[in-house]
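Have a look at the structure below, then the notes.
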Amino acid sequence: MTASIREATMKDLRDMCASVKMSARDCDIMERWYRNSSHDWAGFWDDKIACVYGVMSPSLMSDEAYLWLITNDLVKDHAFTFVRHSQIVVKELLKSYGLIRGHVQVGQINSIQWLEWLGVKLMRHEIVNDLIPFRIRSG
């Protein structure tokens, strides 16, 4: 049993949406984010989808990026492995972006834990519409 991270495909994203029983509306939003991302990845445990995540930048000149991700229970079951892979990816991203921002839904415990393990600063005092903003700074 092994974990792997590779460049995500639209099929990976759709498989992920199905694995977490995401609504069609939310999956459409995630597909738009995928298409607008400069980098995106899919994580697998053996051949089973465990997560999909990516970063979008507001412009080519910006040194900020927006991180989005979707996880399922495979990430929870193999958290250490996936977090380690993600730490490497975030470290590389911070060479290009001085600030990575994002939001996580209040009830998404697995995603919140993953983000905390990545070293993000959750801004729980700024929750809007059940979304907690977060950020990761370089340096």
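Consider region 126-139. How many of its residues are in a strand (DSSP E or B), in contact (Cβ under 8 Å) with a residue 40 or more places away in the chain and more than 17 Å from the chain's Cα centre (by Cα)?
Of the residues in region 126-139, 0 are in a strand (DSSP E or B), in contact (Cβ under 8 Å) with a residue 40 or more places away in the chain and more than 17 Å from the chain's Cα centre (by Cα).
List pairs: first in region 51-74 and surrounded by fewer than 20 Cβ atoms within 10 Å (Cβ to Cβ), second of a type in the set (Lys, Arg), Cβ under 7 Å, 6+ apart or cross-chain?
These pairs meet every condition: Glu64/Arg101; Tyr66/Arg101.
Could you pull out every one of the helices (runs of 4 or more DSSP H) wholly within region 1-94 that has 2 or more residues that are over 13 Å from Trp114 (Cβ atoms)? It would help to see each step written out before you state the result.
Working: elements: 10-19, 24-35, 73-77.
It comes to 10-19, 24-35.
Where residues in region 80-121 are aliphatic (A, V, I, L, M) and over 14 Å from the mean Cα position of the chain (by Cα), which of them is farthest from Phe44 (Cα to Cα)?
Leu99
Please state which one of Leu131, Leu115 is modelled with pLDDT of 90 or more and out of contact with any helix residue (DSSP H, G or I) (no Cβ under 8 Å at 6 or more places or on another chain).
Result of the check over Leu131, Leu115: Leu131.
Starting from region 92-104, take each residue that is farther than 8 Å from Pro133 by Cβ and list its partners that are polar (S, T, N, Q) and surrounded by 17 or more Cβ atoms within 10 Å (Cβ to Cβ), counting only C-beta distances under 6 angstrom and pairs at least six apart or across chains.
Filtered contacts from region 92-104: Val104/Ser111.
Can you confirm whether region 105-121 contains a residue that is closer than 23 Å to Ala8 by Cα and in a strand (DSSP E or B)?
There is at least one residue in region 105-121 that is closer than 23 Å to Ala8 by Cα and in a strand (DSSP E or B).
Note down all Cβ pairs under 9 Å where the first residue falls in region 113-125 and is on the phi > 0 side of the Ramachandran plot, the second is among the aliphatic types (A, V, I, L, M), and they're at least six residues apart or on different chains.
Gly119/Val90; Gly119/Ile136
The values are calculated or read from the model by the stated rules, or taken from the named source; none is laboratory data. Here the structure is a predicted model, which is why all the values come from computation and not from measurement. As a convention, Cβ positions derive from the backbone with ideal geometry for all residues, glycine included, and neighbour counts pool all protein chains shown.
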